[in-house]
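One structure is given here, and the rest of the page talks about it.
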Amino acid sequence: MYEPSSSTFAVQWVEQATPWGRLGAIFRWCDTAGDLLFCDIERAFNEEEDAAANRAVVAEWRRMWNDSVMRVNSAEMYTDAFGSHVEIRAYLTKVGRTSWGIQYQIFDKPGAAGAAEPRLIARMAQVIVAVDAETHSQPTPIPHADRMKKFVTALPSVRRAPVLPEATARAPPLGSCSFTVRVTDCDSLGHVNNAIYPVLAIESLPLPTIPSFGYCHVEYIKQVLPRAPLTIDSWTCEDDGTRDNPTYFCTYTSDNQTVAKAVFKPLDAKYCTRSAKL
């Protein structure tokens, strides 16, 4: 019988000492938990009848998983205090023709940060696309998608990203940074790892101090390769005309092409209290 995947991670000091440390840790943990989710789906599928035929299907899914790219990461954070260990529960939430969705629920382990019960501290939603093995750029159909749908779990959605207002986009960016992509920023597929993008964008935010974040959305448009030039421009938009709830928009450009976009919002105590009661 299939059970949602669960993983435990020890929280390092550097992962909880700074806003960018916490944000980067959530992205990295969920990357690892996604791999473990797929392993659990494989195991549950192979335990069913006609195991030999199922193994052939799983082999196709494994090739698809290895030849896939991230399209969207959306994270909600409900606190800026992590305990010593976190538990991540991963759920397959959607299976389409060429893409699938995963949602992660991140909890402080009981006893962490004074919690007697698991405490929801963040959620992340991902959209992942199956692509061709040669170029990693052309979407391809998910093999046996109908059979994969049996593992889908319906969950409340992570909030949608706000859109950069046209008037703001036409204005000069308030912050900007340019650098050359390092080999260590890239993963085994040879492009910048998805978990690196939000941390890189922080360099461009026009802020004297970096706040704790309550929301981060990254849309991946094109792959960026090692040693490529990368420029990140940022704008600030104040919701409802106030300075209490700003939104930061970032655009990533390489060789005059937009390769990614990101949205950041500071930790919002009112929203967090409401959303963390799932």
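Some observations on this one:
- Placing R0 at 35 angstrom, the Cβ-Cβ distance between residue 62 and residue 169 gives a FRET efficiency of 0.30 after rounding to 0.05.
- Take residue 254: with every protein chain present and a 1.4 Å probe, its accessible area is about 10 Å².
- Crossing angle, helix 51-66 versus the chain [Cα axis fit, 0-90 degrees, rounded to tens]: 20 degrees
- Under the Debye formula (equal points on every Cα, no solvent term), log10 I(q)/I(0) of the range 83-173 at q = 0.11 Å⁻¹: -0.54
- Estimated at 0.36 nm per residue, the fully extended path between residue 245 and residue 179 surpasses their Cα-Cα distance by 20.8 nm.
- Across the range 92-221, C-alpha contacts under 8 Å between residues 6 or more apart give a mean separation that, scaled by the residue count, equals a relative contact order of 18 percent.
- With contributions of -39500 (n - 2.57) from each DSSP H run of at least four residues, the per-residue ellipticity at 222 nm computed over the chain stands at -7500 deg cm²/dmol.
- Converting phi to 3J(HN,Hα) with the Karplus coefficients 6.51, -1.76 and 1.60 and the offset θ = phi - 60°, the range 131-146 yields 10, 5, 6, 7, 10, 6, 9, 9, x, 10, x, 6, x, 6, 4, 4 Hz in sequence order, with x at every glycine or proline.
- Note on the chain: with neighbouring protein chains present and a 1.4 Å probe, carbon and sulfur make up 51 percent of its accessible heavy-atom surface.
- Per residue, the average separation of C-alpha pairs within less than 8 Å and at least 6 apart gives the chain a relative contact order of 19 percent.
- Average accessible surface for the chain: 49 Å² per residue, computed with a 1.4 Å probe over protein heavy atoms with every protein chain in place.
- With bins 10 Å wide beginning at 0, the percent of Cα pairs of the chain falling in each bin runs 6, 28, 34, 24, 8, 1, 0.
- Accessible area of residue 199 in the full protein assembly, 1.4 Å probe (Å², nearest 10): 50 Å²
- Gain in span if fully extended, residue 55 to residue 157, counting 0.36 nm per residue against the direct Cα distance: 33.5 nm
- For residue 257, neighbours were defined as the other residues whose beta-carbon sits under 15 Å from its Cβ, and their charges (Lys and Arg +1, Asp and Glu -1) total -1.
- Computed about the Cα centre, the dipole magnitude for the range 1-107 is approximately 380 debye when only Lys and Arg (+1) and Asp and Glu (-1) carry charge, each at its Cβ.
- Order of exposure, largest accessible area first, which applies to 70, 124 with probe 1.4 Å: 70, 124
- Remark: the residue 189-residue 18 segment gains 58.7 nm on full extension, using 0.36 nm per residue and subtracting the alpha carbon distance.
- Residue-level accessible surface for residue 219, protein heavy atoms, 1.4 Å, Å²: 80 Å²
- Computed from Cα atoms, the angle from the helix 19-46 axis to the main principal axis of the chain rounds to 10 degrees.
- Residue list for the range 62-95, given a label point 7 angstrom along the Cα-to-Cβ vector of residue 6 and an amide N cut-off under 11 Å: 87-90
- Rounded, prolate or oblate (a/c below 1.5 giving rounded, otherwise prolate when a/b exceeds b/c) for the range 150-214 by Cα gyration tensor: oblate
The values are calculated or read from the model by the stated rules, or taken from the named source; none is laboratory data. All values derive from a computational prediction rather than experimental measurement. With ideal geometry, Cβ positions are generated from the backbone for all residues, glycine too; neighbour counts draw on all protein chains shown. In case anyone asks, the SASA skips ligands and DNA or RNA and just uses the protein heavy atoms, side chains included. Shrake-Rupley method; radii C 1.70, N 1.55, O 1.52, S 1.80 Å.
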